[in-house]
Amino acid sequence: MSLPPGFLDELRERTSISQVVGRKVMWDTRKSNPGKGDMWAPCPFHQEKSASFHVDDRKGYYYCFGCQAKGDALGFIQETENVSFMEAVEIMAREAGMTMPARDPQAQKKSDRRTQLAEVMEQAVQFYRLQLKSGAGAAARDYINNRGLSQQTQDQFDIGFAPDGWQNLWDHLTGKGVAEELILAAGLAKASTKGGKPYDTFRNRIMFPIRDPRKRCIAFGGRAMDPNDNAKYLNSPETELFDKGRSLYNHGPARESAGKGEPLIVAEGYMDVIALTAAGLTSTVAPLGTAVTETQLQLLWRISPEPVIALDGDKAGIGAAMRLIDLALPMLSAGQSLRFCVLPEGLDPDDLIKEQGVNAMRALVENSKPLVHLLWQRETEGKVFDSPERRSALDQSLRSALTKISDGNLRSHYGHEIKRLRAELFNLNPAPREGEWKPNRDRGPWKGKGKFPDKGVAVQSTKNSLLAQSTDVEERMREAVILAILIAHPDLLNHFLSDLETLDFHGEDHRKMLAALLRHSDETDSEHLKNILTAEIGAAPLEKLWSLSHVQIAPAVRAGADLKTTRMTMAEELAKLEARRGVQREVEDAVEDLAGVADEALTWRVGQAAEARNASLRSKGVSDGGDGEDRGSMSDYLQSLIDGEIWVKKGH
C-alpha cells in the first residue's frame with residue numbers, strides 16, 4: 001500500500017529507536033548515556049558478551065560494530081520480527097497510537113491475491129509430504145534414506161514427493177475447492193496445448209519447497225527420480241510469488257543463524273544446503289539453478305558482509321566462481337566482499353562431510369580465499385609469463401578488472417595486494433644468489449660476466465634507498481595531522497571525501513582510522529565520533545594520535561578553530577602529501593626504468609639526492625610550503641641521473 005506524505009516522518013518523530021530496540025536488548029548502563037540518546041548493548045543479531053551494538057536516538061539508526069548490522073527502527077522490527085516493511089509500519093504505528101491510513105484498493109487486492117497463492121502452495125506442500133509416505137513414494141524414500149537424511153531433517157525442510165501421473169495434484173486441489181486459475185497462477189500446473197485438462201508441473205520428483213524470508217512457500221524445486229529425465233532438477237516457473245533471480249533457498253533460517261555468528265555459506269544446490277545444515281552449518285543458502293544474480297548478491301550482503309562461496313572443485317564450479325568475480329567487483333565496498341572455498345575435485349559438501357567429517361568442511365570455510373586472490377588465480381593460473389609482452393598483457397587484464405571497483409579507497413588496497421602478488425610471481429625483490437649476475441665495478445654492468453637479470457627485477461638496495469626511507473616518517477606526520485583535524489572537525493569529512501577515499505596511509509592504525517572515518521562520514525559531533533572510533537578500533541590508536549607533539553601544536557586541531565582556516569589548512573596538508581608522494585612516485589619510476597642494471601652506484605647517488613633534498617627541507621622547515629618547488633628540482637635531478645647513465649661508475 002502507499003502511505004500519505006509525512007506519515008512515516010510523523011511515525012518516526014513519535015517513536016524513538018531506543019524505545020523500539022529496548023524491548024529486545026539489555027542496555028549497558030556503563031557505556032550508555034540516556035540523556036543524549038547514546039545507547040549501547042550486546043547485539044541481538046549475534047551472540048556476544050560485550051556491548052558493541054550502538055543506538056543513536058538523534059539520528060534514528062542502530063549499528064553493530066561486531067556483525068555490521070545497521071538500520072532504522074522500522075528495519076529493526078523487520079529483522080527481529082521477521083515481517084515485511086508494511087507490517088513493521090503497522091506494528092510501530094500501533095505502539096505509537098497512530099491510525100494506519102486506509103489501504104489502497106488495488107494494493108489490498110494484490111496483497112490478498114498473493115496470500116491466496118501462498119495458501120495454495122502450502123496445500124501442495126502437504127500433499128507432496130503425504131505422497132512421500134505413501135506406497136507411490138517408496139523409491140523416493142529409499143533414495144532419501146540412502147543419502148543419509150534423517151526424519152528430522154526431512155521434516156525440517158518439508159521434503160515431499162510428486163508421484164508419476166499427469167493430474168495427481170490437480171485433482172487433489174480442485175477436489176478441495178481450489179480455483180483452477182489459482183493452481184495455474186501458482187505454477188503448480190500447466191495448461192494443455194491439446195485442449196485437454198491442465199497437467200501437473202512436477203511428476204515423479206522429490207520435492208523441495210522454496211520459501212521466502214517470511215517462510216511462506218513461493219515455489220518448488222524437484223529432483224527427477226528417472227535417470228533418463230531431460231532435467232535432473234526442475235524449478236517452478238516464475239509467478240506472482242516467485243522470481244528465481246531474487247530468491248535464495250533456505251533464506252529465512254540462514255539469516256537467523258548468521259545473526260548468531262555463523263558464517264554464511266553459499267552452496268550450489270538444495271541437497272548441499274540440506275547436508276550442510278544437517279551437519280550443523282545452519283547458515284547456508286543456494287541460488288536456484290542459475291548463476292548468482294546482482295539482486296541475490298545484495299540479499300547475501302544483507303545477511304552477512306562476507307559470504308563464503310562454496311563450490312565444487314570441478315570445471316563447472318570453478319567457472320561459476322570466476323564469473324561471479326566480474327559481477328561482484330563493481331559492488332564491493334569497505335567491509336562488503338566475498339570469500340571463496342573450493343572443495344576437492346569430485347566431492348560435493350555431502351561427500352566431503354561423509355568422508356572426512358564436518359570439521360573438514362569447517363576448515364575449508366575458515367580458510368576461504370579472499371576475492372582478490374581468486375582474481376589473481378584467474379588471471380595467472382596455467383599461464384607462462386616469460387616475455388615482456390605476456391607480462392604486459394597480465395598487467396592490462398588486471399588493470400581492467402580493478403577499474404570495475406567503484407570505491408576508490410578499496411581499489412587502492414586491491415592495487416597494493418596485486419602489486420605484492422606480482423612481486424612474488426616475478427621474484428622482483430630477490431637477494432643475489434650464488435653465480436647470479438653482479439655489476440662489474442670497473443667496466444660497467446653491460447660488460448660484466450654471468451647471468452644478466454630479467455627486466456623488472458629490482459635491486460633490493462635501491463628499493464631501500466635513503467629517499468624511499470626518508471619520506472615515510474614525514475608522511476606519517478602529515479597523515480596524523482590530517483586524521484586529527486578530521487576527528488576534531490567532522491564536518492570536513494564530506495567536503496574532502498573524494499580526496500580521502502583515494503588516500504593510502506602508512507601503518508595499520510592510520511589505515512583503520514581513515515576507514516572508520518569514511519564509514520561515518522555523516523557524523524558531525526566530534527566527541528560522539530571519538531566514542532565511535534574508540535568502540536571500533538580501540539582507544540590505543542587515538543591516544544597515540546593525540547599524544548604526538550606535531551598534532552598537539554597544530555592550530556587547526558584545537559577546539560574552536562575557525563572553520564574557514566581549518567578547511568584551508570586541511571586542503572594544504574592534502575596537497576603537500578600528494579606533492580611529496582608525487583616525488584616518491586618519480587623515484588620509483590626511475591628505479592623501475594633502471595631495473596636490472598642498478599648497482600650500488602645508483603643506490604649511492606640516489607641516496608645523495610635524498611640527503612640534498614632533506615637538507616633543503618630542513619633549511620626551509622618541514623611545515624613550510626616548499627614541496628612544490630622541491631618537486632620540480634627533484635624531477636630534473638632524477639632525469640639527469642638517467643641521461644648521465646648513472647649505472648656506469650666513472651672510475652675510482
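Values in this text are rule-based calculations from the coordinates and carry no lab data. Quantities reported herein were computed from a predicted structural model and do not represent experimental measurements. Don't worry about glycine lacking a Cβ; one is built from the backbone with ideal geometry, like all the others, and counts go over all protein chains shown.
Summary table below
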{"item": "Per-residue HN-Hα couplings for region 336-345 [Karplus 6.51, -1.76, 1.60; θ = phi - 60°; Hz; x = Gly/Pro]", "result": "10, 8, 10, 10, 10, 10, 9, 6, x, 4"}
{"item": "Cα gyration tensor category, rounded, prolate or oblate, for region 7-96 with a/c compared to 1.5", "result": "oblate"}
{"item": "Charge tally in the Cβ shell below 12 Å around GLN396, where Lys, Arg are +1 and Asp, Glu are -1, GLN396 excluded", "result": "0"}
{"item": "Unsatisfied cross-links (Cα-Cα over 19 Å) in the set LYS24/LYS70; LYS369/LYS419; LYS315/LYS354", "result": "LYS315/LYS354"}
{"item": "Label-point separation in nm, ARG113 to HIS413, each point 7 Å along Cα→Cβ", "result": "4.5 nm"}
{"item": "Sequence-distant residues sharing a close amide H with ALA189 (under 5 Å, placed H)", "result": "THR201"}
{"item": "Assigned charges on the beta-carbon of Lys, Arg, Asp, Glu; region 169-310 dipole about Cα centre (debye)", "result": "260 debye"}
{"item": "Under the Karplus curve 6.51 cos²θ - 1.76 cosθ + 1.60, θ = phi - 60°, whole-Hz ³J(HN,Hα) for region 414-421, x wherever Gly or Pro sits", "result": "4, x, 5, 5, 5, 4, 5, 5"}
{"item": "Estimated inter-spin distance, THR565 and LYS31, nm [label 7 Å along Cα→Cβ]", "result": "3.7 nm"}
{"item": "Cβ-placed point charges (K, R +1; D, E -1), dipole of region 105-242 about Cα centre in debye, nearest 20", "result": "200 debye"}
{"item": "Likely footprinting exposure, SER412, SER247, SER400, SER337, fewest C-beta neighbours within 10 Å first", "result": "SER400, SER412, SER337, SER247"}
{"item": "Ranked list, fewest to most other Cβ atoms within 10 Å of each Cβ, for HIS413, HIS251", "result": "HIS413, HIS251"}
{"item": "Prolate/oblate/rounded label for region 521-573 (Cα gyration tensor, a/c 1.5)", "result": "oblate"}
{"item": "Distant-in-sequence amide H partners of GLY165 (H built 1.01 Å from N, under 5 Å)", "result": "ASN204"}
{"item": "Long-range amide H partners of GLY71 with built H, under 5 Å", "result": "TYR62"}
{"item": "Neighbour-count order for SER304, SER549, fewest beta carbons within 10 angstrom listed first", "result": "SER549, SER304"}
{"item": "Pairwise FRET efficiency - ALA393 versus ASN145, Cβ, R0 = 41 Å, nearest 0.05", "result": "0.15"}
{"item": "Hz values of 3J(HN,Hα) by residue in region 537-554 - Karplus curve (6.51, -1.76, 1.60), Gly and Pro given as x", "result": "10, x, 7, 4, x, 5, 4, 5, 4, 6, 7, 5, 4, 6, 7, 4, 8, 6"}
{"item": "Debye, to nearest 20: dipole size of region 191-257, +1 on Lys, Arg Cβ, -1 on Asp, Glu Cβ", "result": "100 debye"}
